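First the structure, in the form of structure tokens, and then the observations on it.
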There are 2 protein chains.
Amino acid sequence: MGTLLYAEDFPVGRTFEFDSYSVTAEEIKSFASEWDPMPFHTDERAAAKSAFGGLVASGAHTLAICIRLASDAVVSRMAVIAGRGMSEARFLQPVRPGMTLTGTMTITDQQLDGPAKGEIELRNELYDQDGQLVMSMVGEIILRRREPEREETAPTGGEI
Amino acid sequence: MGTLLYAEDFPVGRTFEFDSYSVTAEEIKSFASEWDPMPFHTDERAAAKSAFGGLVASGAHTLAICIRLASDAVVSRMAVIAGRGMSEARFLQPVRPGMTLTGTMTITDQQLDGPAKGEIELRNELYDQDGQLVMSMVGEIILRRREPEREETAPTGGEI
């Protein structure tokens with residue numbers, strides 16, 4: 001899986017490219033039938049008559065795809081202590097069967113306050129095959145530091 | 001399935017209560033292994049050593065649960081033309097095995113501009129069994145009107 005990445009490895013502005021992900025009608029329907037059973041997510045014929053004009057993915061599905069792509073690109077190699085979770089997710093364009101999604105993660109904040117851990121904020125963006133922004137989300141992750149700072153040893157010297 | 005609900009049925013402030021949903025370790029691990037394979041989502045032992053102190057659900061999973069509860073409570077009975085999707089989702093507390101989630105949908109905007117359709121904005125909130133807010137999201141849905149207004153007939157009168 002390659003080397004682990006630590007808090008120091010994520011300066012503000014560093015960007016990671018995602019692989020691509022092909023969205024299928026089967027997966028849209030299968031995800032939605034479990035979690036978001038609206039006709040325009042689960043039924044081609046009903047979807048064709050909807051304002052979308054065809055099947056579209058549930059927003060929860062689009063978010064899941066984004067997180068999976070981010071995981072494969074870099075998150076799975078992070079020396080993660082904890083995800084703080086997401087502060088927001090925005091869904092800007094419908095995701096349809098046959099679309100090929102890709103995206104980027106960009107580091108938007110890096111705090112190396114602690115001696116052994118740091119915290120980063122990141123922005124994930126998902127694009128369709130024409131480069132149109134489909135969704136975005138912000139996440140925060142707490143990571144180990146590569147070389148934890150030694151605790152300052154208490155001064156031992158006496159006077160003089 | 002009961003009667004359909006139309007745009008007129010969603011005045012600002014109307015609230016719908018969700019059923020409850022019991023979160024299991026199996027489901028957390030199964031969802032995360034497909035979409036968000038972080039150790040604190042997929043592996044009890046690794047999770048116990050993480051800052052969470054135990055398994056927590058992926059945010060995408062929590063969102064999916066929220067959408068499913070909203071669907072069962074009311075969205076599946078709406079005369080939906082299209083979901084406009086979500087404008088934001090916020091994840092405020094970790095979701096753990098054994099938690100029982102419930103929530104509410106509150107209508108935050110209602111536009112009945114068109115003769116045949118209207119648009120509503122809603123806020124879904126998910127709570128744990130102690131009433132603590134776990135996540136929130138905002139959604140927008142376009143609905144049919146119950147009684148479409150007749151097109152104004154063109155005035156036919158001439159001069160007197």
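Is there a residue being farther than 28 Å from residue B:33 by Cβ and free of Cβ contacts under 8 Å to residues at least 60 places away in the same chain anywhere in the range B:69-83?
Yes: one or more hits.
Does residue A:101 count as more than 9 Å from every other protein chain (Cβ to nearest Cβ), part of a strand (DSSP E or B) and farther than 20 Å from residue B:136 by Cα? Outline the logic, then answer.
Values: more than 9 Å from every other protein chain (Cβ to nearest Cβ): yes; part of a strand (DSSP E or B): yes; farther than 20 Å from residue B:136 by Cα: yes.
Yes: the conditions hold for residue A:101.
So residue A:71 passes all but one of these: (1) of a type in the set (S, T, N, Q); (2) touching a strand residue (DSSP E or B) at 6+ places or on another chain (Cβ under 6 Å); (3) modelled with pLDDT of 90 or more. Which condition number does it fail?
It is condition (2) that residue A:71 fails.
Pick from the range A:68-87 the residues that are among the charged types (D, E, K, R) and surrounded by fewer than 19 Cβ atoms within 10 Å (Cβ to Cβ): which of them is farthest from the other protein chains (Cβ to nearest Cβ)?
Step one: of the range A:68-87, the residues among the charged types (D, E, K, R) are A:68, A:72, A:77, A:84.
Imposing the further condition that a residue be surrounded by fewer than 19 Cβ atoms within 10 Å (Cβ to Cβ) reduces the set to A:72, A:77, A:84.
Working: A:72: 9, A:77: 11, A:84: 9 Å.
Step by step, filter the range A:68-87, then rank; the result is A:77.
Say we look at the range A:98-110 and pick out the residues that are farther than 25 Å from residue B:62 by Cβ and surrounded by fewer than 18 Cβ atoms within 10 Å (Cβ to Cβ); which of these is nearest to the chain's Cα centre (by Cα)?
Taking the candidates together, the pick is A:100.
What are the residues in the range B:59-105 that are within 23 Å of residue A:40 (Cα to Cα), touching a Ser or Thr at 6+ places or on another chain (Cβ under 9 Å) and of a type in the set (Val, Ile, Thr), if any?
The answer is B:67, B:80, B:81.
Consider the range B:2-33. How many of its residues are farther than 21 Å from residue B:103 by Cβ and at pLDDT below 95?
Residues flagged as farther than 21 Å from residue B:103 by Cβ and at pLDDT below 95 within the range B:2-33 amount to 2.
So which pairs qualify, if the first residue must be in the range B:35-53 and within 17 Å of residue A:75 (Cα to Cα) and more than 9 Å from chain A (Cβ to nearest Cβ), the second must be among the aliphatic types (A, V, I, L, M) and not in a loop (DSSP other than H, G, I, E, B), the Cβ gap must be under 6 Å, and the two must be at least 6 apart or on different chains?
B:42/B:32
Residue under question is residue B:84, and the condition is that it be touching a strand residue (DSSP E or B) at 6+ places or on another chain (Cβ under 7 Å), more than 22 Å from residue B:128 (Cβ to Cβ) and modelled with pLDDT under 90; does it hold?
yes
On the given criteria, is residue B:110 polar (S, T, N, Q) and closer than 23 Å to residue A:70 by Cα? Before you say what the answer is, go through the steps one by one.
Values: polar (S, T, N, Q): yes; closer than 23 Å to residue A:70 by Cα: no.
When the stated conditions are applied, residue B:110 does not pass them.
Just checking, how many residues over the range B:35-59 are buried (at least 18 other Cβ atoms within 10 Å of the Cβ) and either acidic (Asp, Glu) or in contact with a Cys (Cβ under 8 Å, 6 or more places away or on another chain) (or both)? Let's see the steps before the verdict.
Here is the first cut: in the range B:35-59, the ones buried (at least 18 other Cβ atoms within 10 Å of the Cβ) are B:35-38, B:40-42, B:47, B:50, B:55-59.
Applying the additional criterion that residues be either acidic (Asp, Glu) or in contact with a Cys (Cβ under 8 Å, 6 or more places away or on another chain) (or both) yields B:36.
The qualifying residues number 1.
Residue B:123: away from every other protein chain (no Cβ under 12 Å), out of contact with any His (no Cβ under 7 Å at 6 or more places or on another chain), within 24 Å of residue B:20 (Cβ to Cβ) and assigned to a loop (DSSP other than H, G, I, E, B), yes or no? Outline the logic, then answer.
Values: away from every other protein chain (no Cβ under 12 Å): yes; out of contact with any His (no Cβ under 7 Å at 6 or more places or on another chain): yes; within 24 Å of residue B:20 (Cβ to Cβ): yes; assigned to a loop (DSSP other than H, G, I, E, B): no.
For residue B:123, the condition - away from every other protein chain (no Cβ under 12 Å), out of contact with any His (no Cβ under 7 Å at 6 or more places or on another chain), within 24 Å of residue B:20 (Cβ to Cβ) and assigned to a loop (DSSP other than H, G, I, E, B) - is not met.
Okay, residues lined up against (1) surrounded by 19 or more Cβ atoms within 10 Å (Cβ to Cβ); (2) within 10 Å of chain A (Cβ to nearest Cβ):
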{"site": "B:12", "(1), (2)": "no, no"}
{"site": "B:22", "(1), (2)": "no, no"}
{"site": "B:26", "(1), (2)": "no, no"}
{"site": "B:33", "(1), (2)": "no, no"}
{"site": "B:63", "(1), (2)": "yes, yes"}
{"site": "B:66", "(1), (2)": "yes, yes"}
{"site": "B:89", "(1), (2)": "yes, yes"}
{"site": "B:93", "(1), (2)": "no, yes"}
{"site": "B:96", "(1), (2)": "no, no"}
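The values are calculated or read from the model by the stated rules, or taken from the named source; none is laboratory data. As the structure is a computational prediction, the values presented were derived from the model and not from experiment. FYI the Cβ positions are ideal-geometry reconstructions off the backbone, even for glycines, and counts take in every protein chain you see.
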